[in-house]
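The values are calculated or read from the model by the stated rules, or taken from the named source; none is laboratory data. The structure displayed is predicted, hence computed values, not measured ones. Neighbour counts run over all protein chains shown; Cβ positions are idealised from the backbone, glycine included. Just the protein is used for accessible areas: all its heavy atoms, side chains included, with ligands, DNA and RNA removed. Shrake-Rupley method; radii C 1.70, N 1.55, O 1.52, S 1.80 Å.
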Number of protein chains: 2
Amino acid sequence: MLKDLPFSLIEYGDRIRKTKEQMIEQGVEVLLLADPANMYYLSGYDGWSFYVPQLLVIILDEEQPIWIGRKQDVNGAKLTVWFHPDRILSYPECYIHADERHPMDYIAYILKMIGQGSRRIGVEMDAYYFTARSFASLQKNLPNATFIDAGLLVNRLRMIKSSQEIEYMKQAGRIAERAMLTAMETIAAGVRECDAAAAISHAQISGLADCGGDYPAIVPLLPAGEKSCTPHLTWTERRYCSEEAVIVELAGCYRRYHTPFARTAVIGPPSPPIRELGEVVAEGLNAALNVVAPGVTCAEVAEAWQRTIQRRGYEKESRLGYSVGLSYPPDWGEHTASIRAEDHTILQPNMTFHLIPGMWLEEYGVELSETFRVTEAGCELFSHFSRELIQRPAIPNIVSPFEDGA
Amino acid sequence: MLKDLPFSLIEYGDRIRKTKEQMIEQGVEVLLLADPANMYYLSGYDGWSFYVPQLLVIILDEEQPIWIGRKQDVNGAKLTVWFHPDRILSYPECYIHADERHPMDYIAYILKMIGQGSRRIGVEMDAYYFTARSFASLQKNLPNATFIDAGLLVNRLRMIKSSQEIEYMKQAGRIAERAMLTAMETIAAGVRECDAAAAISHAQISGLADCGGDYPAIVPLLPAGEKSCTPHLTWTERRYCSEEAVIVELAGCYRRYHTPFARTAVIGPPSPPIRELGEVVAEGLNAALNVVAPGVTCAEVAEAWQRTIQRRGYEKESRLGYSVGLSYPPDWGEHTASIRAEDHTILQPNMTFHLIPGMWLEEYGVELSETFRVTEAGCELFSHFSRELIQRPAIPNIVSPFEDGA
């Protein structure tokens, strides 16, 4: 059977080579990757198994990586990685959620058995699924190893996208457009928040006729009414009411590549302060996008935004955006460059960012965002959707087509 | 505004009291909870913000917990926790994904400022969102504290559900039934895997007319065809083919309470070996459920299964089930009791388990599972659905109603 690998063997080879260059630079002989996005990036492995410990091992003096995970997931690894199945190793099932032993104890044993127990080992100290206990187990069981924090080593390589990655993000951008359209057609007074979320989720996963959707790393975020003053509360069973603002932040996802974007709906005519906030955010977003070009820094993009909204008497403390692309739950950000005053990363062609100037005031908020790639001359958006506040019906006689009739 | 708290203040008080009893037993003066399920259990906090460091702090000699998180999420905490807003503290936005500082550095500073920096501090060493770097930061910044692994301290309290929790799980069970019905009505030769996943996700989130769904901690797992030999690969854009087995593992989720269950569809008439495997798994599942009662151990339930399938010449290495209920991504298991030979946990009324005797052979697999609660006399299921293999149309002229026509 021919595997449907997301990237060519040449591209994987190139990524491994660049990873090893960075390993040499940081004095790392063996790199242990726990971040599922980094595992996927270098191996192709793609399963919802990151809820148990698993690692991709890059050894400086060996050509192919080694995958180590749960025995139950070995078949999944065989079906998805590009390298030889002999390099897929596992720990026994009795290590799962057992008080007296931890999967990383066995993984350490494997590392010792394959002659890597006394080397300079890079670990991703702040990766979501590399817990404090996982690290303590490695330290205890590999007393002759030297551990080095190689956090973000691979994430940094992921910042500039290849043409295949940009292709996947373009597909994701089309899916995101469709999902946003669905959201804006569904939200109205009288519709339950969960029914809007369900319709969005359906559009995200079904995708389009020529490209099916993957699961986004974050669920649709739909803060509404009094909750629009905060970005991360999820939906409830409540029905939307007239005069509410409803923030819609969602991503399209295609083969694990994300293009998030946000718009804000208002139910009925927007009140003057929300309308003004919507205008200010749109003006600031335009100003920021206008300065994006190779050679410009993240800080300069943030400053363009800041100048624009300050002229209107507004302020924003949180960062304006972040590098985005390949991800797994719980975040679609890549945790490398941020668009903010303190970040002097220089923009380069095919870097991709989610520029999200959300403003959350005490009683309401507005989000309006775009995901873009840096081009040779400026930037290109992945989704195209009106930047106005979207006005939705305030009369609660609209029955959602998605509502259960039972 | 009156908050729509998921539990009464009496129930929260009771949980805090039991937590403190365990803290005393384990010699913990200050408990730092990073597991979002444990944070929700004791505080009501419910937001998709666990992708940045945040903690619930239980102090032995203080009545109310303290929530510490990102500044942007303070409004979300104010809207969801049961305790006084003065007890909601935050770190500044400049700590988010910054190379030179980590949110836990600031959290350690807060703990010192509120007089808790030199105490016996319990941490959840193996919680998903408590990374190696988070712990290293606490150790470095609180040199006078003594750290104790209090992992699963709160998870263990969650094992026996209250009547309100059982009520939420019953609603989740109804949602799960509906989602499974949707899956089984959708899957057929010619339908794309992503369209089946989209339909299931819609049913999970929309829920029912009288109870809207919450997001499950795991996406629908739909291994099909050659991938049915492994449990954790997610859907693709491929179309289902005749003679494939399609495993459907999904959960209903209501107010963060989960009831997962699995069934297996076959497209066209099942082949004799799959039919036999389906019968063996059903027989083993029945045998296991039949012995469930208060006083019986997890090991005894596993043995009933093992005896039954061994008689038919089968074996299963992985565990048979696990405690289930309140969860956040990436797992709906509670990481406490497992149904397996080595676990001697004694079943008690209102413990809840996902009994999942999946069998993955080299070329195909069958899953058939139930979530149940232990009753006074035996057990009660949360969802009701035929335990047969579900036969689905093999002729690829069925057009999915969910497919994009564009």
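Kindly establish whether B:Trp332 is open to solvent by 20 Å² or more (accessible area, probe 1.4 Å) and closer than 19 Å to A:Tyr95 by Cα. No; evaluated as a whole, the condition is false for this residue. For B:Arg156, the conditions (1) open to solvent by 10 Å² or more (accessible area, probe 1.4 Å); (2) away from every other protein chain (no Cβ under 11 Å); (3) outside any loop (DSSP other than H, G, I, E, B) all hold with the exception of (2).
If you scan region A:115-145, which residues turn out to be more than 19 Å from A:Ile88 (Cα to Cα), out of contact with any Asp or Glu (no Cβ under 9 Å at 6 or more places or on another chain) and open to solvent by 10 Å² or more (accessible area, probe 1.4 Å)? Within region A:115-145, A:Ser118, A:Phe135, A:Gln139, A:Pro143, A:Asn144, A:Ala145 qualify.
Quick grid of which residues meet (1) within 14 Å of chain B (Cβ to nearest Cβ); (2) among the aliphatic types (A, V, I, L, M); (3) open to solvent by less than 10 Å² (accessible area, probe 1.4 Å); (4) in a helix (DSSP H, G or I):
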residue: A:Pro231; (1), (2), (3), (4): yes, no, yes, no
residue: A:Thr236; (1), (2), (3), (4): yes, no, no, no
residue: A:Ser242; (1), (2), (3), (4): no, no, no, no
residue: A:Thr259; (1), (2), (3), (4): no, no, yes, no
residue: A:Glu276; (1), (2), (3), (4): no, no, no, yes
residue: A:Glu300; (1), (2), (3), (4): no, no, no, yes
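Would you say B:Glu283 is within 10 Å of another protein chain (Cβ to nearest Cβ), open to solvent by 50 Å² or more (accessible area, probe 1.4 Å), not in a loop (DSSP other than H, G, I, E, B) and not polar (S, T, N, Q)? In short, no.
Residues in region B:200-217 that are facing chain A (nearest Cβ under 7 Å) and either crowded, with 24+ Cβ neighbours inside 10 Å or modelled with pLDDT under 95 (or both) were compared, and the one that is farthest from A:Ala209 (Cα to Cα) is B:Gly212.
If you go through region B:79-104 and keep only what is in a loop (DSSP other than H, G, I, E, B) and either more than 10 Å from every other protein chain (Cβ to nearest Cβ) or buried (at least 16 other Cβ atoms within 10 Å of the Cβ) (or both), you end up with B:Val81, B:Trp82, B:Phe83, B:His84, B:Ile96, B:His97, B:His102.
Among the listed residues A:Tyr128, A:Tyr109, which satisfies the condition of being of a type in the set (Phe, Trp, Tyr) and within 20 Å of the chain's Cα centre (by Cα)? The match here is A:Tyr128. Residues considered: B:Tyr322, B:Tyr328. Of these, the only one that is more than 24 Å from B:Thr182 (Cα to Cα) and in the same structural domain as B:Ala251 (by TED's automatic domain parsing) is B:Tyr322. Taking each residue of region B:279-307 that is touching a residue at least 60 places away in the same chain (Cβ under 8 Å) and looking for partners that are among the polar types (S, T, N, Q) and part of a helix (DSSP H, G or I) with beta-carbon atoms closer than 7 Å, six or more apart or interchain, yields B:Gly284/B:Thr308.
Would you mind finding the one in B:Gly27, B:Gly76 that is assigned to a helix (DSSP H, G or I) and not assigned by TED's automatic domain parsing to the domain that holds B:Met169? Break it down stepwise before answering.
Details: B:Gly27 fails: assigned to a helix (DSSP H, G or I).
The match here is B:Gly76.
Of all the numbered requirements in (1) surrounded by fewer than 23 Cβ atoms within 10 Å (Cβ to Cβ); (2) in contact with a Leu (Cβ under 8 Å, 6 or more places away or on another chain); (3) of a type in the set (Asp, Glu), B:Glu193 misses one, and that requirement is (1).
Does A:Gly151 satisfy the criteria of being modelled with pLDDT of 95 or more, outside any strand (DSSP E or B), away from every other protein chain (no Cβ under 14 Å) and crowded, with 17+ Cβ neighbours inside 10 Å? For A:Gly151, the condition - modelled with pLDDT of 95 or more, outside any strand (DSSP E or B), away from every other protein chain (no Cβ under 14 Å) and crowded, with 17+ Cβ neighbours inside 10 Å - is not met. Residues satisfying the criterion are present in region A:352-360 (criterion: within 11 Å of another protein chain (Cβ to nearest Cβ) and either open to solvent by 10 Å² or more (accessible area, probe 1.4 Å) or under 28 Å from A:Phe130 (Cα atoms) (or both)).
Please go through region A:302-319 and pick out each residue that is more than 14 Å from every other protein chain (Cβ to nearest Cβ) and either in a helix (DSSP H, G or I) or among the acidic types (Asp, Glu) (or both). Break it down into steps so the answer makes sense when it comes.
Filtering region A:302-319 down to residues more than 14 Å from every other protein chain (Cβ to nearest Cβ) leaves A:303-305, A:307-314.
Those that are more than 14 Å from every other protein chain (Cβ to nearest Cβ) and either in a helix (DSSP H, G or I) or among the acidic types (Asp, Glu) (or both): A:Glu303, A:Ala304, A:Trp305, A:Arg307, A:Thr308, A:Ile309, A:Gln310, A:Arg311.
Only a single criterion out of (1) open to solvent by less than 60 Å² (accessible area, probe 1.4 Å); (2) not in a helix (DSSP H, G or I) is not satisfied by B:Lys3, namely (1).
Results for (1) in a helix (DSSP H, G or I); (2) within 24 Å of B:Val219 (Cα to Cα); (3) not assigned by TED's automatic domain parsing to the domain that holds A:Pro330, shown as yes or no for each residue.
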| residue | (1), (2), (3) |
| --- | --- |
| A:Tyr168 | yes, yes, no |
| A:Arg174 | yes, yes, no |
| A:Ala188 | no, no, no |
| A:Asp195 | yes, yes, no |
| A:Ser201 | yes, yes, no |
| A:Tyr215 | no, yes, no |
| A:Val246 | no, no, no |
| A:Glu249 | no, yes, no |
| A:Gly252 | no, yes, no |
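With respect to (1) touching a helix residue (DSSP H, G or I) at 6+ places or on another chain (Cβ under 9 Å); (2) open to solvent by less than 30 Å² (accessible area, probe 1.4 Å), the lone exception for B:Lys112 is condition (2).
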